[in-house]
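*Asks:* Sharing a structure below in structure tokens format, with a few things to ask.
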Amino acid sequence: MNIAVFSTKPYDRQFLDAANSTHNHVIDYFEPRLSVQTVPLAEGYDAVCAFVNDHLDADVLTHLAEHGTRLIALRSAGFNNVDLAKADELGLTVVRVPAYSPYAVAEHTIGLMLTLNRRINRAYNRVREGNFSLDGLMGYVLRGRTAGIIGTGQIGAATAEILLGMGCNVIATDPYPDDELAKRGVKYVELDDLIAESDIITLHCPLTKESHYMIDKRAIDRMKPGVMLINTSRGALLDTTAVIEGLKSETIALLGLDVYEEEENLFFQDLSARVIQDDVFARLLTFPNVLITGHQAFFTEEALTTIATTTLENISAFERGGEVPNTVNSERVVSS
Ligand code: NAI
């Protein structure tokens, strides 16, 4: 098949080219994000390959369908950026990479926790300037603290395992509790109780209509003063303005983010010589107790290999016809 890859970075090309040696698809790489402005680039391609900040709204999908595209191959697990109802209506199949190393995201999550708690980011800068003062760097022992995990799917479960190993008291909430985790000591509670009881709250559920702004002012008001909040899942799970108020009131003592609700205009680009126009994000950067990474939790050799191989296997399966694995449309689509 001929494939238009959007939001291409050098590492995408490297891993997709390597994986394509066993598939022989014709791949063209485009650096821009997929949007209404850039969708003409995809005209005539059978498949469009997109990433987390590509916009697959109704207009983009309609344009794609009208110009020959039949398959949307997401290089991500999340598919909140695709209008699935519209894709169904247009007969477009949407496939994804359901799991591409939950350990990558779980380990990054723990990295944010440890860095924030022991102020390693601040210590790094201080020591480089010859400042060996410890004032303001005090953390706490994680062993025995209560860590609340929202969503115990693949990433949440991997995070829970590490936290159990560190001696934390792990509580969790999920509409589908994991019996194995429960046997290993994770206690399932209601979301409200998790929010009220946790010293550390970490989000690992998908972004849906129901989970949008799940952490809002009401939730923050119920948190333990001094809570650590971590989000490596999707930005709009948090109402960022409410979180900023929570930081100012010192209810939230430590905030670690790998995602941000308006990240599509910021992340995956070098903007170091530009003025940041997003005042909410700029405010977040001013807090000494906030640590932000730019959607890099997945960014490991293992994840990039799995993303590339699964994406091309999905595309090959679609090309062969029959049932396509990893389809996310509301009904499983059988390609012709
Ligand atoms: P998964 O599908 O294995 O697990 C998600 C879990 O969340 C499921 O157990 C589900 O029942 C639960 N859930 C759904 N709605 C919920 C709610 N309202 N409250 C509590 N739990 C709820 O997904 P996986 O692989 O663990 O990924 C989780 C999220 O991580 C993805 O949706 C994606 O947004 C994010 N992600 C972030 C990456 C990064 O680089 N920062 C990379 C990959 C995924």
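Derivation of every value follows stated rules applied to the coordinates shown; laboratory data play no part. Note that the structure is a prediction, hence the values are computed from the model and not measured. Note: ideal-geometry Cβ built from the backbone for every residue, glycine included; neighbour counts use all protein chains shown.
*Asks:* Of all DSSP beta bridges located in the chain, what percent are antiparallel, nearest 5?
*Replies:* 5
*Asks:* In square nanometres, what is the average projected area of the Cα convex hull of the chain?
*Replies:* Across all orientations, the chain yields a mean hull projection of 18.2 nm².
*Asks:* A further question on this structure: Relative contact order for the chain: what percent, with Cα pairs under 8 Å and sequence separation of 6 or more?
*Replies:* 18
*Asks:* Determine which lysines satisfy two conditions relative to Lys86: a Cα distance under 29 Å, and not lying fewer than 8 residues away in the same chain.
*Replies:* Within the straight-line cut-off, Lys86 pairs with Lys9, Lys209.
*Asks:* In the chain, once you exclude exposed trypsin sites (Lys or Arg not before Pro) (DSSP loop, at most 16 other Cβ within 10 angstrom), what's the longest stretch remaining?
*Replies:* 1-117
*Asks:* Hey, what number do you get for the chain at 222 nm if only DSSP H runs of n ≥ 4 count, each worth -39500 (n - 2.57), divided across all residues, to the nearest 500?
*Replies:* -10000 deg cm²/dmol
*Asks:* How many nm is it between the label spots at Thr241 and Gln37, if each spot is 7 Å from the Cα in line with the beta carbon?
*Replies:* Spacing of the two 7 Å Cα→Cβ label points: 2.5 nm.
*Asks:* Output needed for the stretch 55-122: three equivalent-ellipsoid semi-axes, defined as square roots of 5 times the C-alpha gyration tensor eigenvalues, in descending order, whole Å.
*Replies:* Working through the eigenvalues yields semi-axes of 37, 12, 8 Å.
*Asks:* Return the long-range amide H neighbours of Ala172 (sequence gap of 5 or more, or a different chain), with a cut-off of under 5 Å between placed amide H atoms.
*Replies:* Ile149, Lys187, Tyr188, Val189
*Asks:* Say each of Ala273 and Asp135 gets a label point 7 Å from the Cα, pointing the same way as Cα to Cβ; how far apart are those two points in nm?
*Replies:* 3.9
*Asks:* Go through the stretch 262-336 and name the GluC sites (Glu not before Pro) that are in a DSSP coil and have 14 or fewer other Cβ atoms within 10 Å of their Cβ.
*Replies:* Loop-located and lightly packed - Glu262, Glu331.
*Asks:* Setting aside same-chain residues fewer than 8 positions from Lys217, which lysines have a Cα under 16 Å from its Cα?
*Replies:* The qualifying lysines are Lys248.
*Asks:* Counting C-alpha atoms alone, how compact is the stretch 102-292: give Rg to one decimal and Dmax as a whole number, in angstrom.
*Replies:* That works out to 16.5, 51 Å for Rg and Dmax.
*Asks:* Over the stretch 102-292, what is the mean sequence separation of C-alpha contacts under 8 Å (at least six apart), divided by residue count, expressed as relative contact order in percent?
*Replies:* 18
*Asks:* Within the set of other residues whose C-beta is less than 13 Å from the C-beta of Leu181, count the net charge using Lys and Arg as +1 and Asp and Glu as -1.
*Replies:* The answer is -2.
*Asks:* Hey, what did the stretch 56-191 get for relative contact order, percent, Cα under 8 Å, at least 6 apart?
*Replies:* Reported as a whole number, the value is 17 percent.
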